[in-house]
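The values are calculated or read from the model by the stated rules, or taken from the named source; none is laboratory data. As the structure is a computational prediction, the values presented were derived from the model and not from experiment. Cβ placement follows ideal geometry from the backbone for every residue including glycine, while neighbour counts extend to all protein chains displayed.
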Amino acid sequence: MSREWPLWEVFIRTKGGLSHRHAGSVHAPDPELAMRHARDTYTRRMEGVSLWVVRSSDIVASDPAQDGPMFEPAEGKIYRHPTFYEIPDVVKHI
Amino acid sequence: MYTTELGKPDAKAPVAIGGEDPALVAAFEARVAADEFIEPKDWMPEAYRRTLVRQISQHAHSEIVGMLPEGNWLTRAPSLRRKAVLLAKVQDEGGHGLYLYCAAETLGTSRDEMIDALHSGKAKYSTIFNYPTLTWADIGAIGWLVDGAAIMNQVPLQRTSYGPYARAMVRVCKEESFHQRQGYEIMMALAGGTPDQKAMAQDALNRWWWPSIMMFGPPDDNSPNSAQSMRWRIKRDTNDELRQKFVDVTVPQAEYIGLTVPDPDLVWNADKGGYDFGAIDWEEFYAVVRGEGPVAKERMKARRDAWDEGAWVREAASAYEATRAARRAA
């Protein structure tokens with residue numbers, strides 16, 4: 001068996017003004033073919049107006065086992081949210 | 001579809017594998033029970049991982065092998081419209097196979113390994129594709145019945161507990177509905193045509209009905225892995241529940257176009273609000289699973305040939321990129 005083509009992650013912008021969103025992945029030997037495969041595999045029905053392909057091995061992901069320490073500080077700082085502050089109802093436009 | 005456990009009850013049914021940290025197992029079970037999605041990098045029991053790899057790869061193989069019976073009619077579709085539609089459908093099936101291989105790869109098995117397992121005969125695919133497509137009406141029957149059964153099975157899988165599988169199913173379900181409708185449209189046209197055309201449609205229904213309702217897999221009391229898969233929220237409904245649902249929605253569709261479901265025991269049961277239907281020949285099902293289906297050998301040969309004859313393309317593309325990479329480095 002010959003060496004398997006590397007994996008690429010595919011991101012689609014569904015329409016102008018929206019962010020690219022992860023759709024899935026494809027195998028391809030190079031960026032050009034990755035783009036073609038992404039187009040054929042993920043946009044057969046006008047699913048988007050723009051595609052990104054990124055080598056899967058280039059993505060750095062957070063460790064789910066570290067979710068607690070990683071995201072906890074934000075949860076402990078509720079004063080970062082507007083609802084933390086009590087303003088009387090009579091005060092408008094704030 | 002194609003997602004039911006194939007094969008006889010397995011002595012190595014997935015049970016807890018020793019040596020796993022009970023605290024991790026308990027935390028995993030609690031997450032699944034709370035309907036959380038499990039993602040690729042999350043800790044999961046080895047048996048969960050194995051069950052998913054087997055189920056998702058079987059599903060992927062079925063999509064890919066499923067291109068063959070329909071591909072058989074591409075060059076003989078009765079009009080340009082039907083040909084364009086069938087071509088789009090077959091291309092979709094290839095796409096569905098790719099989504100599913102991707103989902104399975106996130107579990108740490110490479111696509112080449114899965115394809116190798118298919119070609120060596122180790123991996124299973126849906127029994128339905130080991131039946132031949134003898135007439136154009138078979139293309140109608142496949143879309144209507146086989147894709148109809150697939151949708152019935154896949155809709156609940158959009159909420160299956162493994163995130164990448166669930167997301168792949170969302171994409172598949174969106175595309176699948178046209179497959180069933182185009183099939184029913186073919187059957188409608190034939191059933192409303194000449195007596196010969198109507199007979200052709202009836203013949204296709206006669207041959208595809210039983211294999212289609214077998215697609216939901218063995219009955220619940222003979223499906224030992226089901227309980228575990230339901231607990232892990234890999235499956236959301238039992239085989240028999242889905243089969244009943246399929247029969248209940250499909251029988252009126254057959255009646256509407258004047259075709260007869262080939263089951264003399266089929267009768268409406270007002271008490272349960274569903275149809276009672278005749279006994280399924282499970283020996284035929286297991287024989288087809290074992291690879292004794294009418295065209296099983298032909299299907300596997302077509303797959304292996306496609307893989308082998310495409311090898312030079314894969315190698316050339318890799319060599320081209322290797323040369324360019326070397327040039328960039330120089």
- Message: Being in a helix (DSSP H, G or I) and more than 19 Å from residue B:87 (Cβ to Cβ) is the filter here; which residues of segment B:175-195 pass it?
- Response: B:187, B:188, B:190, B:191, B:195
- Does residue B:111 meet the test of being basic (Lys, Arg) and out of contact with any strand residue (DSSP E or B) (no Cβ under 9 Å at 6 or more places or on another chain)? no
- Determine which single condition residue B:291 fails, assuming it passes every other condition in (1) within 14 Å of another protein chain (Cβ to nearest Cβ); (2) touching a residue at least 40 places away in the same chain (Cβ under 8 Å); (3) not aliphatic (A, V, I, L, M). (1)
- Message: Suppose we filter B:135, B:127 for residues that are away from chain A (no Cβ under 14 Å) and over 18 Å from the mean Cα position of the chain (by Cα); which single one remains?
- Response: B:135
- With the condition kept exactly as written, say whether any residue in segment A:22-37 is among the polar types (S, T, N, Q) and farther than 20 Å from residue B:92 by Cα. no
- Among the numbered criteria (1) surrounded by 14 or more Cβ atoms within 10 Å (Cβ to Cβ); (2) away from chain A (no Cβ under 14 Å); (3) basic (Lys, Arg), which single criterion is violated by residue B:31? (2)
- Message: Would you confirm, using the coordinates I've provided, whether residue A:50 is loosely packed, with under 13 Cβ neighbours inside 10 Å, at pLDDT 95 or above and within 23 Å of residue B:170 (Cβ to Cβ)?
- Response: no
- Task: Looking for whichever is at negative phi and loosely packed, with under 14 Cβ neighbours inside 10 Å here; the options are B:254, B:326. Which one fits?
- Result: B:326
- Message: Among the residues in segment B:234-249, are any crowded, with 17+ Cβ neighbours inside 10 Å and under 30 Å from residue B:84 (Cβ atoms)?
- Response: yes
- Item | Residues satisfying the stated conditions in segment A:30-54, i.e. away from every other protein chain (no Cβ under 12 Å) and not β-branched (Val, Ile, Thr) | A:35, A:46, A:48, A:50, A:51, A:52
- Item | Enumeration of residues in segment A:55-90 that are within 24 Å of the chain's Cα centre (by Cα), modelled with pLDDT of 90 or more and away from chain B (no Cβ under 14 Å) | A:58
- Query: If we keep just the residues of segment B:104-126 that are in contact with a Ser or Thr (Cβ under 8 Å, 6 or more places away or on another chain) and part of a loop (DSSP other than H, G, I, E, B), which is nearest to residue A:56 (Cα to Cα)?
  - Reply: B:109
- Item | Subset of segment B:144-177 [within 14 Å of chain A (Cβ to nearest Cβ), crowded, with 22+ Cβ neighbours inside 10 Å and not aromatic (Phe, Trp, Tyr)] | B:164, B:168, B:169, B:172, B:176
- From (1) at pLDDT below 95; (2) surrounded by fewer than 19 Cβ atoms within 10 Å (Cβ to Cβ); (3) outside any loop (DSSP other than H, G, I, E, B), pick out the condition that doesn't hold for residue B:229. (2)
- Item | Residue satisfying all of: in segment B:204-218; assigned to a loop (DSSP other than H, G, I, E, B) and in contact with a Phe, Trp or Tyr (Cβ under 8 Å, 6 or more places away or on another chain); nearest to residue B:38 (Cα to Cα) among these | B:216
